[in-house]
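Report on one structure; see the data block that follows.
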Amino acid sequence: MIPDTAEIGFDIPARPGDALSDVMTPALVIDLDAFDRNIARMRAFVTGHGLRLRAHAKTHKSADIARIQMQRGGACGICCQKVSEAEALVRAGITDVLVSNEIHGPRRAARLAALAGRARVQVCVDDAGQVATLSHAAEAAGTRIGVLVEIDVGAGRCGLPPGPAAVELARRIDEAPGLSFNGLQAYQGALQHIRDPQARAEAAHAAARATALTRTALTEAGFACETIGGAGTGSFTLDAGLGEINELQCGSYVFMDADYDRVTGADGSRPGGMENALFVMAEVMSRPGPDRAICDAGLKALSVDSGLPRIDRDGLRYTGASDEHGTISDPRGLLTPGDRVMLVPGHCDPTCNLYDWYVGLRGGVVETLWPVTARGKLY
């Protein structure tokens, strides 16, 4: 959505038609050509494998991107991680949302139940208490919430142990007013970033075995799993071939980042052939020495939990960050104050949450601005 600058004043980093040099920095920019190719690659993949894609919006938190994923990217719906994130996207017109996480407490449950009156809403559980709270909220709101039982398939995070434990929880959901048992959540977050291809494949096979064990127990108890959700950007090409997941929950594939660039196949290729489409554009603000430059993108402009950003330009290396400054090794003296550099973030998801706007570039010109719709929606 291109903003109406008459309404929002000047608090935007650029305007459509601006040249690269006119964009205020640091800016969160999208190479729209690369973005479009990533969208098309994933659509072709899920279509070719007979799978559904429920694209994960925690990566971008943008209703505009979510709409593109659903309208021309092959997505049947969107994942969110928090109730407030789902609310923001539904307000912006997204009609099918899974909160791929557990929620706690009657206030969140009431808000989720109210949201189910405006969109198709699902959520994950791993505890009978969550089922009771959700059921009470749905009854009070007169709505219906779809529920997935989450199992721990190796991440060591949320989820029941694989196997028969899921049956009793499915039974409670099935009997609870206002709820529908829709299947399993079997996401293995940890394996997304295993860099060794063999170790990553072994972790994917282990997750598939745990999922199969649970699905069999449910089937024998008379429960069908309409949805078995999981997979992510680092594992979807593996998971698709193992036959247990029918709904992919990839998110970072639209952008990629420096950490995912290190998660390669045996041939050195990135997952699904995806390419970097997201950058933080920074400006050189100082040249304090012969071998280094300082840019205006530091810790407040980039998440460094998965490592420092990469500069895709020979002879330059981002070497350190403080709050408002980034240090660039530049022994060849390539940079002078006012120059722009494109930084590939180490971790795209938390980096996106630092910004209000995406600046969409095509051919070096600003084509569009998209708000980060659900920025800061953490509850």
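Quick rundown of the values:
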quantity: Residue check for ARG41: part of a helix (DSSP H, G or I), within 20 Å of ASN276 (Cα to Cα), touching a residue at least 24 places away in the same chain (Cβ under 8 Å) and among the basic types (Lys, Arg); calculated: yes
quantity: Test: residue in the stretch 277-291 that is β-branched (Val, Ile, Thr) and in contact with an Asp or Glu (Cβ under 7 Å, 6 or more places away or on another chain); calculated: yes
quantity: Qualifying residue in the stretch 62-79 (condition: under 19 Å from ALA137 (Cβ atoms) and in contact (Cβ under 8 Å) with a residue 40 or more places away in the chain); calculated: no
quantity: Residues that are among the aliphatic types (A, V, I, L, M) and either closer than 15 Å to PRO288 by Cα or over 26 Å from the mean Cα position of the chain (by Cα) (or both), drawn from the stretch 314-346; calculated: LEU316, ILE328, LEU334, LEU335
quantity: Selection status of ARG107, at pLDDT 95 or above, assigned by TED's automatic domain parsing to the domain that holds PRO164, assigned to a helix (DSSP H, G or I) and basic (Lys, Arg); calculated: yes
quantity: Residue in the stretch 318-341 that is in contact with a helix residue (DSSP H, G or I) (Cβ under 7 Å, 6 or more places away or on another chain), part of a loop (DSSP other than H, G, I, E, B) and more than 23 Å from ALA88 (Cα to Cα) present; calculated: no
quantity: From GLY105, GLY73, residue being crowded, with 21+ Cβ neighbours inside 10 Å and over 13 Å from the mean Cα position of the chain (by Cα); calculated: GLY73
quantity: Filter pass, ILE194 being of a type outside the set (Asp, Glu), surrounded by fewer than 24 Cβ atoms within 10 Å (Cβ to Cβ), in contact with a helix residue (DSSP H, G or I) (Cβ under 8 Å, 6 or more places away or on another chain) and farther than 30 Å from ALA113 by Cα; calculated: yes
quantity: Selection count, the stretch 132-166, where residues are out of contact with any Gly (no Cβ under 9 Å at 6 or more places or on another chain), assigned to a helix (DSSP H, G or I) and either free of Cβ contacts under 8 Å to residues at least 24 places away in the same chain or surrounded by fewer than 23 Cβ atoms within 10 Å (Cβ to Cβ) (or both); calculated: 2
quantity: Selection count where residues are touching a strand residue (DSSP E or B) at 6+ places or on another chain (Cβ under 9 Å) and free of Cβ contacts under 8 Å to residues at least 60 places away in the same chain, scope the stretch 280-294; calculated: 9
quantity: Count - residues of the stretch 308-363 that are more than 16 Å from ASP259 (Cβ to Cβ), crowded, with 20+ Cβ neighbours inside 10 Å and among the charged types (D, E, K, R); calculated: 1
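Residue by residue, here is whether (1) among the charged types (D, E, K, R); (2) within 28 Å of VAL29 (Cβ to Cβ); (3) surrounded by 15 or more Cβ atoms within 10 Å (Cβ to Cβ) holds:
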{"position": "ALA170", "(1), (2), (3)": "no, no, yes"}
{"position": "LEU184", "(1), (2), (3)": "no, no, yes"}
{"position": "THR219", "(1), (2), (3)": "no, no, no"}
{"position": "TYR260", "(1), (2), (3)": "no, yes, yes"}
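The values are calculated or read from the model by the stated rules, or taken from the named source; none is laboratory data. As the structure is a prediction and not an experimental result, all values here were calculated from the model. Every residue, glycine among them, receives a Cβ derived from its backbone with ideal geometry; neighbour counts consider all protein chains shown.
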